[in-house]
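Visitor: Structure provided below as structure tokens; questions to follow.
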Amino acid sequence: MSDRLKNKVAIVTGAGSRGPGLGNGKATAILFARAGARVLCVDQVLERAEETVELIRGEGGEAAAFAADVTHAVACDAMVQAAVARWGGLDVLHNNVGIESRKDLLDTPEDEWDRVLAVDLKSMFLATRAAVPAMVARGGGSVVCVSSVAALRGHGRTAYAAAKAGVIGFVRSVAVQLGARGVRVNAIAPGAVWTPMVESLGPEARERRRRATVLGTEGSGWDVAWGAVYLASDEARWVTGQTLVIDGGVTLTTRGGTQGATR
Ligand SMILES: NC(=O)c1ccc[n+]([C@@H]2O[C@H](COP(=O)([O-])OP(=O)(O)OC[C@H]3O[C@@H](n4cnc5c(N)ncnc54)[C@H](O)[C@@H]3O)[C@@H](O)[C@H]2O)c1
């Protein structure tokens, strides 16, 4: 346990994991609690959020589960109200929810484009819009949005890359709007971390993703979560509108540009 987020109230969206193992959202909720935050673990599947809450409580941390589909404004408002009602305010919003799409332009159906843009980008707009008034009422806060290196490199994943690049544009725009009100807004762009989200790529892709990094090692949800702790904390009090790339160095190289190599 540490004091880096002591007395802070945080929401983590997508705080469960879609399968066994550790997703970025789950790892972030756990590290937030270890840093002293009270964490509302939000997931559209309540049992997944409850699993994370159990892990946190098992370590002596404070957390509660909340079921919400963050592609809906009403659900985002309810999620913020739940945190405020339970703990008296809100300091941190970690927008982690995201789904992948691995299709090229000509193969992407319109409904898949719409779904990916709704889950990966619109959810961040709705959740942030719901959270900001509560943060301003406290004198400020921190919003962290999970993008991807797919936003920064040429990739075959059309809808995913577009949505994740949109997240970076959203963060820069909103950071300028909210700075004077004490709300910082930043993005994290993870590289090819191994989480349940990419489990279906299989062992060969896993090895290719590891080799594509400059460091030659595999990243995990913990690597992303440590970046989130920093951005959420007062240590980052002078940091806003930025994109923190956590990728083992893959964006420094021309490696890993093929399908399935990076996310
Ligand atoms: N794994 C990687 O290599 C990688 C790389 C870059 C970025 N990312 C990003 O990391 C984030 C995902 O992280 P994760 O590992 O926690 O993923 P995950 O797939 O384990 O998802 C976490 C949870 O999000 C929930 N969820 C999905 N849609 C939701 C919605 N509309 N409302 C509420 N909950 C919803 C799921 O039920 C799941 O439990 C995404 O934004 C993803 O794009 C991952």
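Visitor: Over the alpha-carbon set of region 36-85, divide Rg by the Kirkwood Rh and report the Rg/Rh ratio to two decimals.
Guide: The Rg/Rh ratio comes out at 0.99.
Visitor: Carbon and sulfur atoms: what percent of the 1.4 Å accessible area of region 170-263 do they account for? Kindly include the intermediate steps, with their values, before the conclusion.
Guide: On the way: 2540 of 4600 Å².
So the carbon and sulfur contribution to the accessible surface is 55 percent.
Visitor: Leaving out same-chain residues fewer than 8 places away, which aspartates and glutamates sit with a Cα under 14 Å from that of Lys6?
Guide: Glu62, Asp91, Asp234, Glu235
Visitor: Write down the accessible area per residue of the chain in Å², having rolled a 1.4 Å probe over the full set of protein chains. All intermediate terms of the calculation are to be shown ahead of the outcome.
Guide: Working: 11240 Å² over 263 residues.
Per residue, the chain has 43 Å² of solvent-accessible surface.
Visitor: Looking only at Cα atoms, what is the convex hull volume of region 64-180 per residue, in Å³? Working shown, then result.
Guide: Details: hull volume 11.6 nm³, N = 117.
So the per-residue Cα hull volume is 99 Å³.
Visitor: Students often get this wrong: which residues of region 19-44 have the backbone nitrogen under 12 Å from the point 7 angstrom along Cα-to-C-beta of Asp69?
Guide: Once the point is set 7 Å along Cα→Cβ of Asp69, 44 turn out to lie under 12 Å by backbone N, inside region 19-44.
Visitor: For Asp111 and Lys6, what is the calculated FRET efficiency with R₀ set at 51 Å and r taken between the beta-carbons, to the nearest 0.05?
Guide: Numbers: r = 45 Å, r/R0 = 0.87.
My answer for the efficiency is 0.70.
Visitor: Leaving out ligands, DNA and RNA, and with a 1.4 Å probe, what % of the accessible surface on region 95-136 is carbon or sulfur? Display every interim value, and only then the final one.
Guide: Numbers: 1230 of 2090 Å².
Whole-percent figure for carbon plus sulfur exposure: 59.
Visitor: Further, regarding this structure: May I ask for the percentage of alpha-carbon pairs in the chain that lie more than 31 Å from each other?
Guide: Working: 6363 of 34453 pairs.
For the chain, the share of Cα pairs beyond 31 Å comes to 18 percent.
Visitor: Turning to a different aspect of this structure: Mind checking the dipole of the chain: about its Cα centre, +1 per Lys or Arg Cβ, -1 per Asp or Glu Cβ, Debye to the nearest 20?
Guide: Here the chain has a charge dipole of around 720 debye.
Visitor: Let's test the formula: R0 of 35 Å, r as the Cβ-Cβ distance of Arg181 and Glu204. What FRET efficiency results, to the nearest 0.05? Before the final figure, lay out each step's value.
Guide: Working: r = 48 Å, r/R0 = 1.38.
According to the calculation, E is roughly 0.15.
The values are calculated or read from the model by the stated rules, or taken from the named source; none is laboratory data. None of the values given here were measured: they were computed from a predicted structure. Using ideal geometry, Cβ is built from the backbone for each residue, glycine included, and neighbour counts are taken over all protein chains shown. Side chains included, ligands, DNA and RNA excluded: accessible areas come from the protein's heavy atoms. Shrake-Rupley method; radii C 1.70, N 1.55, O 1.52, S 1.80 Å.
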